[in-house]
Amino acid sequence: MDVQALTDAKPVGGAGDAAQPAFLDRLLEAGLLIESGVPGLYGRSAVFESIADGLNAAVTRIGADQHAEVLRFPPAMGQRDFETSEYLKSFPQLAGTVHSFCGDDRGHHRLLARLEDKQDWTDQQEPTGVVLTPAACYPVYPVIARRGPLPADGKVVDVLSYCYRHEPSLEPTRMQLFRMREYVCLGTPEQIVAFRNKWMERGQALGRALQLPVELDIANDPFFGRGGKIVADSQREQKLKFELLIPVNDGAGPTACMSFNYHMDHFGELWHIALPDGGVAHTGCVGFGIERLTLALLRHHGLDLSRWPQPVRETLGGV
Ligand code: ATP
Ligand code: ZN
């Protein structure tokens, strides 16, 4: 999907209720999201988190048969691993790097003088070798690669991470820091295709159990620049990415709330992930956008959880 520019929030209500405040304003007024002064950077209330927890628990329940290895990483990775992932080749516009003050007393004085004079002080910061995680599955590949060849029946990893993408927007569904829950599959092409087919079915079933209007469609990632268009077209042609779309924002098309990705041997080659016979492993992942799914539920069932349909609350473990 296209990276969207900073847009004015559209009036909510669709059903002709133009007088109702925008969805983002309603979320802020209800205290479900908490403003930070930066578009796409919000605090979350206990109620918002209870829905997010319910979603995560539901994903764990439907994924129990995967016998996945649970791995949790902080929302950052080392610069070297980030470079190896080639993220900057495809999505330089989305990446976020961590910088810090590394100077001496004189440097500190300079920094404080800049602040005092209300001048830019950020050029006094230096790279730390830490980069924010752009997708929850990225830290998994180097870890599995280091362990040596994969087991014969492949491997499934369960990850959950806050992810950073520099795409400031006033659409509440497009945040700069958000959680992505993923199952990542590493193995033969047949294993990945079967994994992805299974999860496309399960993703739709979860959407239906949550009584959300879902639609599955072919998609592409927002590859950067002129060359990026060719890569995106080829990704679509080869049906490497599917998204589960749900209408959330008014005056805009439906939002991708889950994605089902087949990377072929891209990460296997980059990280030298080997099959038992020495061949290059293929990989795929299913990603659940925890904030987007939470917002979809709030949008369709209302901001008062006590009025949500009982089966939906039960699917979420009784929110
Ligand atoms: P989009 O096309 O809308 O930019 P995507 O489908 O390319 O998103 P993926 O890279 O597939 O996103 O990420 C997996 C999931 O993470 C998405 O399906 C979505 O639910 C969630 N996600 C992606 N970007 C954001 C964002 N900026 N804010 C909130 N959730 C996001
Ligand atoms: Zn992934």
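Okay, which of segment 70-111 sit inside 16 Å, backbone N to the point 7 Å along the Cα-Cβ direction of residue 230? Within reach of a label on residue 230: 89-90. Ordering 60, 128 from the fewest to the most neighbouring beta carbons within 10 Å gives 128, 60. Annotation: for a label point projected 7 angstrom from Cα along Cα→Cβ of residue 119, residues of segment 68-106 with backbone N closer than 16 Å are 106. Result for the chain in a Gaussian network model with C-alpha springs under 10 Å: among 238, 176, 124, the largest mean-square fluctuation is at 124.
Across segment 228-236, computed HN-Hα scalar couplings (Karplus, 6.51 cos²θ - 1.76 cosθ + 1.60, θ = phi - 60°) run x, 5, 5, 4, 5, 4, 5, 4, 5 Hz from first to last residue, x flagging Gly and Pro. For residue 95, the amide hydrogen comes within under 5 Å of the amide hydrogens of 166, counting only partners 5 or more places away or on other chains and with H modelled in the peptide plane. Panel order for 178, 23, by other beta carbons found within 10 Å of each beta carbon, from fewest to most: 178, 23. Distance between the 7 Å Cα→Cβ label points at residue 101 and residue 252: 3.6 nm.
Amide hydrogen proximity for residue 44: with H placed 1.01 Å from N in the peptide plane, the residues at 5 or more positions away or on another chain lying under 5 Å are 34.
Here's how it looks for residue 216: its modeled amide H is under 5 Å from those of 245, which are all 5 or more places away or on a different chain. GNM remark for the chain: springs join alpha carbons under 10 Å apart, and the peak mean-square fluctuation among 210, 293, 270 falls on 270.
Taking only the Cα atoms of segment 121-161, the ratio Rg/Rh comes out at 1.20, with Rh defined as the Kirkwood radius. Kirkwood-type hydrodynamic radius, the chain: 21.2 Å, calculated from all non-identical alpha-carbon pairs.
How high is the FRET efficiency between residue 108 and residue 25 when r is their beta carbon distance and R₀ equals 35 Å, given to the nearest 0.05? Once the sixth-power term is evaluated, E becomes 0.30.
The numbers here are math on the coordinates, done by the rules we state, and not lab data. Since we're looking at a predicted model, the values are computed, not measured. Here Cβ is always computed from backbone atoms with ideal geometry, including for glycine, and neighbour counts include all displayed protein chains.
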